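Read the structure below first, then the notes.
The values are calculated or read from the model by the stated rules, or taken from the named source; none is laboratory data. Because the structure is a prediction, the values reported are computed rather than measured. Please note: Cβ atoms are built from the backbone with ideal geometry, for glycine as well, and neighbour counts cover all protein chains shown.
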Amino acid sequence: MRTIDWVDDAVELIDQTRLPDECVRLRITTVDELIDAIRRLAVRGAPALGVAGALGVVLSDGNRDAVARLRAARPTAVNLAWGVDQAAAWLPQGRRAVLEAALRIRDEDIAACLAMGEQGADLLTSGLLGSGVRASVPPVQDRPDGRLRIMTICNTGGLAAVERGTALGVAQTLHERGRLAEVLALETRPLLQGARLTAWELARMGAPHRLVADGAGPYLLARGGVDAVLVGADRIAANGDTANKIGTYALALGAARAGVPFVVVAPETTIDFATPTGAGIEIEDRGAEEIVTLRGTRVAPEGTDAVNPAFDVTPHDLITAIVTDKRVIRP
């Protein structure tokens, strides 16, 4: 099942705001409809946004103002602007050339996710992450069943890409190899992408999993029993600093303290060499409403304001490895 695709001259995508209650596909025929879907998180996840941006240029029919508005729809995830730019470069050659470029980006994303799953699973089962790690549980290669317990945050599966995904794609590959003991998925406040989306995907693949309150993640790492933390990325600066869903930085601090490998999984297209460090990454604030309400129900007193950064930045020195579709980077 593809999260986003080009079908009968339109963009089709799963409306992730309706999950897990129902799986609804939206048919998008204009750039404004696509921008709305991106801003309200009907489609989300860095790789999926890259594909959405490219397909949106096809819908623009060469309208440069529409292309610019699409490019700026969400500021933190670099893949959206990258996808728009890649497809827009073909505008002088006409709509057919733009569509062919966008479909190449779609197909390359599918291949990249497969490659990340294989490389990440190979790395985690090789024992190469054990050097210098103060693990409170035996290395996985020394256990009778050789299976890993993974902790993750937000949603990094097929819903965040076209198919399979990034960090959760590694967990899927481990599961297919019989090497996954369990995924501990943080619920991911305020919009509960871990509870609504990641748990839904893990159930579909038949992988053992349990949900964890965000604040419990570092404590569970300190208790032992987690082999690695796997996270995605919305933008990776040139020095390896990584922007990801809010709560990732706290998880990285907990992993460092517990001596648990902290691994970022993202395609090469998420690396932004034009941004030297994480200090230069623009962090989107999504306003108070997502904090003071929960799925339409008010949970704070009327008039309460809130600070709502959608992402945080994990410094590169807290990252054990970055797995891309091309290589493994040690920041």
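Below are the figures for this structure:
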{"read-out": "Residues of segment 276-312 satisfying the condition of being charged (D, E, K, R) and part of a loop (DSSP other than H, G, I, E, B)", "value": "Glu282, Glu284, Arg286, Arg295, Glu302, Asp305"}
{"read-out": "Condition check for Thr248: among the β-branched types (Val, Ile, Thr) and more than 19 Å from the chain's Cα centre (by Cα)", "value": "no"}
{"read-out": "Members of segment 288-312 that are of a type outside the set (A, V, I, L, M) and more than 22 Å from Ala77 (Cβ to Cβ)", "value": "Thr293, Arg295, Gly296, Thr297, Arg298, Pro301, Glu302, Gly303, Thr304, Asp305"}
{"read-out": "Restricting segment 314-328 to residues that are part of a loop (DSSP other than H, G, I, E, B) and among the charged types (D, E, K, R), the residue that is nearest to the chain's Cα centre (by Cα)", "value": "Asp325"}
{"read-out": "Checklist (1) more than 21 Å from Ala46 (Cα to Cα); (2) among the hydrophobic types (A, V, I, L, M, F, W, C); (3) surrounded by 13 or more Cβ atoms within 10 Å (Cβ to Cβ) applied to Val265, failing item", "value": "(1)"}
{"read-out": "Conditions (1) assigned to a loop (DSSP other than H, G, I, E, B); (2) of a type outside the set (Phe, Trp, Tyr); (3) modelled with pLDDT of 95 or more; number of the one not met by Pro331", "value": "(3)"}
{"read-out": "Total residues in segment 192-211, condition surrounded by fewer than 22 Cβ atoms within 10 Å (Cβ to Cβ) and closer than 20 Å to Ala310 by Cβ", "value": "3"}
{"read-out": "Hits in segment 196-238 (condition: assigned to a loop (DSSP other than H, G, I, E, B) and under 16 Å from Asp312 (Cα atoms))", "value": "Gly232, Ala233, Asp234"}
{"read-out": "Only one of Thr166, Thr198, Thr173, Thr242 that is under 23 Å from Leu294 (Cβ atoms) and among the β-branched types (Val, Ile, Thr)", "value": "Thr198"}
{"read-out": "Criterion violated by Thr297 - all others in (1) of a type in the set (Ser, Thr, Tyr); (2) under 25 Å from Gly169 (Cα atoms); (3) over 18 Å from the mean Cα position of the chain (by Cα) satisfied", "value": "(2)"}
{"read-out": "Residue among Ala171, Ala185 that alone is assigned by TED's automatic domain parsing to the domain that holds Phe311 and in contact (Cβ under 8 Å) with a residue 40 or more places away in the chain", "value": "Ala171"}
{"read-out": "Complete set of residues in segment 165-192 that are hydroxyl-bearing (Ser, Thr, Tyr) and assigned to a helix (DSSP H, G or I)", "value": "Thr173"}
{"read-out": "Residue count for segment 287-322, restricted to those that are of a type outside the set (Ser, Thr, Tyr), in contact with a strand residue (DSSP E or B) (Cβ under 8 Å, 6 or more places away or on another chain) and within 30 Å of Ala258 (Cβ to Cβ)", "value": "12"}
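The rows are residues; the columns are (1) at positive phi; (2) at pLDDT 95 or above; (3) not assigned by TED's automatic domain parsing to the domain that holds Ile322.
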{"residue": "Ala238", "(1), (2), (3)": "no, yes, no"}
{"residue": "Thr242", "(1), (2), (3)": "no, yes, no"}
{"residue": "Gly247", "(1), (2), (3)": "yes, yes, no"}
{"residue": "Leu251", "(1), (2), (3)": "no, yes, no"}
{"residue": "Val265", "(1), (2), (3)": "no, yes, no"}
{"residue": "Glu284", "(1), (2), (3)": "no, no, no"}
{"residue": "Glu290", "(1), (2), (3)": "no, no, no"}
